[in-house]
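Here's the structure, in structure tokens; my notes come after.
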Amino acid sequence: MLTPTDVATIGGDGNGDPVDGHRFVLDRIPVIADYLGFEAYLVGGPVRDRLLGVTTTDLDIAVVGDAVIVAEKLASDINGRLTVHQRFGTATVTAGALTIDLVTARRETYSSPGALPDVERGEIADDLARRDFTINAMAMPLPASVGELVDPHQGQADLESGLIRVIHAGSFRDDPTRILRAVRYAARFGFTIEPDTATLMSQALAARAFSTLTGDRVRHELERTFQESDPAAPLRLAGDCGVMTAIHPALTASHLPDVGETVTPLAWLAALVWPLNADEGAALTARLNAPSDWARVIADTARIRALASSIGDAAKPSDVCALLDGMAPDALKGAIMMAAGSPIADQIGRYLSEWWSVAPRLRGHDLLALGVPAGPEMGAALRELRRARLDGETHSVQDEQELVRNWAQVSDRTTR
Ligand code: CTP
């Protein structure tokens, strides 16, 4: 049996490029499918990316038959981890750096707009017809050496013309998350949203299509947008199309800056919500059914924004720490993006890179030895030591011992 590492490096130069493992899996899947009397296809993103000459990290496979059985066999062959979603007939196999999503080729119907679809097994043509855009609705029969590209919706022509085009007029109504997907692909590839598709998008937004989506689904699409290599572009495009206000009336994206370096996804969330006040942030948190890390970033961003001028004016490092201690790091990173070039960004930058981690040189047991009792007084002494070190008033253990002795005398006098 192969280990995940073998799979990740098999057939390649051995340096672990996940694409090397793709080759092995793409050879193995049709062998499994054929044995079971099924057909297997590479579909969606990987086909699009291969035609564009872009590296794909994940593999999407459609099985005419039962994808779950193929996934079980594949997982056991490559010693991978298997996750099954029985309701949709889908499964994911992960092994090392590889992720392989397998779906049972299916026909979909939507009982109500924005809901998850009802599914029944179908042919490859059915499976391509249910997809979002023509460029994502192509399939390559496996093994890749034998068949021709299945492209019933002229996805290859749209790829060459750089167009994002839906397959049918009800696409955005059925699944409004596709509106955010459209802007993501348009921005990622520098493509244009085809005019009829753009009209359908506006109509769906005007008909309040987003209100049919659960918070989890909206949040998931936002998260995928934050994970793009340059999230500002799709987020701004989404704002221009009216997607942001459809999520929450106070949400905009035109303020987002271009950022040279890679920024964490939640720092992008912080940058996005920078203009929101605390109440608007709380409403957005509720709309997105946000988990605690998102909720914290949204709430802390409103706090940092409200404190911005005090942060910029703070004279001493300890003043900055008093304002920022306990804030979510991603909220601080988002604030740096939004206040770049100002004293506010400089102070927050220094806080993140140096000040937050400054601790007294003396520990609790040292203070006990110096006669400071455990309890609130110990806490106050440690805070005072940190403050003094931050502000450059102490430079050694001796300085700190001195400070504690003086401080103990002062507090003795005041409590006597
Ligand atoms: N899909 C769809 N409608 C959605 C989500 C997905 O039709 N709302 C289809 C598309 O055909 C897509 C495929 O499912 O290509 C896989 O979805 P996903 O992994 O989200 O997309 P990728 O194309 O792999 O995109 P990315 O490059 O962003 O990972």
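Which number in (1) open to solvent by 30 Å² or more (accessible area, probe 1.4 Å); (2) within 12 Å of the ligand (Cβ to nearest atom); (3) in contact with a helix residue (DSSP H, G or I) (Cβ under 8 Å, 6 or more places away or on another chain) marks the one condition that Leu116 misses?
Condition not satisfied by Leu116: (3).
Per-residue answers, yes or no, for (1) within 14 Å of the ligand (Cβ to nearest atom); (2) hydroxyl-bearing (Ser, Thr, Tyr); (3) modelled with pLDDT under 95; (4) open to solvent by less than 40 Å² (accessible area, probe 1.4 Å):
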{"site": "Glu160", "(1), (2), (3), (4)": "no, no, no, no"}
{"site": "Asp174", "(1), (2), (3), (4)": "yes, no, yes, yes"}
{"site": "Thr177", "(1), (2), (3), (4)": "yes, yes, no, yes"}
{"site": "Val183", "(1), (2), (3), (4)": "yes, no, no, yes"}
{"site": "Ala186", "(1), (2), (3), (4)": "yes, no, no, yes"}
{"site": "Thr192", "(1), (2), (3), (4)": "no, yes, no, no"}
{"site": "Thr199", "(1), (2), (3), (4)": "no, yes, no, no"}
{"site": "Ala204", "(1), (2), (3), (4)": "yes, no, no, yes"}
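Got a sec? Which of Arg219, Arg173, Arg178, Arg188 is of a type in the set (D, E, K, R), closer than 23 Å to Leu128 by Cβ, touching a Leu at 6+ places or on another chain (Cβ under 9 Å) and in contact (Cβ under 8 Å) with a residue 40 or more places away in the chain?
Numbers: Arg219 fails: closer than 23 Å to Leu128 by Cβ; Arg178 fails: touching a Leu at 6+ places or on another chain (Cβ under 9 Å); Arg188 fails: touching a Leu at 6+ places or on another chain (Cβ under 9 Å).
Residue meeting the stated conditions: Arg173.
Which helices (runs of 4 or more DSSP H) sit wholly inside the stretch 223-324 and have at least 3 residues that are under 19 Å from the mean Cα position of the chain (by Cα) and away from the ligand (no atom under 16 Å from the Cβ)? Give the steps one after another, and end with the answer.
Values: elements: 232-241, 243-247, 265-273, 278-287, 292-313, 317-324.
In the stretch 223-324, the matching helices (runs of 4 or more DSSP H) lie at 232-241, 265-273, 278-287, 292-313.
If you check Leu102, Leu128, which single one turns out to be within 11 Å of the ligand (Cβ to nearest atom), within 27 Å of the chain's Cα centre (by Cα), closer than 17 Å to Glu39 by Cβ and open to solvent by less than 10 Å² (accessible area, probe 1.4 Å)?
Result: Leu128 is the single residue among Leu102, Leu128 that is within 11 Å of the ligand (Cβ to nearest atom), within 27 Å of the chain's Cα centre (by Cα), closer than 17 Å to Glu39 by Cβ and open to solvent by less than 10 Å² (accessible area, probe 1.4 Å).
Can you name every residue in the stretch 277-308 that is without any contact (Cβ under 8 Å) to a residue 12 or more places away in the chain and under 15 Å from Leu332 (Cα atoms)?
Ala295
So, in the stretch 45-95, of the ones that are among the basic types (Lys, Arg) and more than 21 Å from Thr109 (Cα to Cα), which residue ends up nearest to the ligand (Cβ to nearest atom)?
We begin by selecting, within the stretch 45-95, every residue among the basic types (Lys, Arg); these are 48, 50, 73, 81, 87.
Imposing the further condition that a residue be more than 21 Å from Thr109 (Cα to Cα) reduces the set to 48, 50, 73, 81.
Details: Arg48: 6, Arg50: 12, Lys73: 22, Arg81: 18 Å.
Only one residue fits best here, namely Arg48.
Output the residues belonging to the stretch 75-107 that are without any contact (Cβ under 8 Å) to a residue 24 or more places away in the chain and either among the hydrophobic types (A, V, I, L, M, F, W, C) or within 18 Å of Ile167 (Cβ to Cβ) (or both).
Once the filter is applied, which keeps residues that are without any contact (Cβ under 8 Å) to a residue 24 or more places away in the chain and either among the hydrophobic types (A, V, I, L, M, F, W, C) or within 18 Å of Ile167 (Cβ to Cβ) (or both), the stretch 75-107 yields Ala75, Leu82, Val84, Val93, Arg107.
The values are calculated or read from the model by the stated rules, or taken from the named source; none is laboratory data. Remember, predicted model here, so these are calculated numbers, not experimental data. Methodologically, a virtual Cβ is constructed for each residue, glycine included, from the backbone with ideal geometry; neighbour enumeration extends over all protein chains shown. We work out accessible area using only protein heavy atoms, side chains counted, and drop any ligands, DNA or RNA first. Shrake-Rupley method; radii C 1.70, N 1.55, O 1.52, S 1.80 Å.
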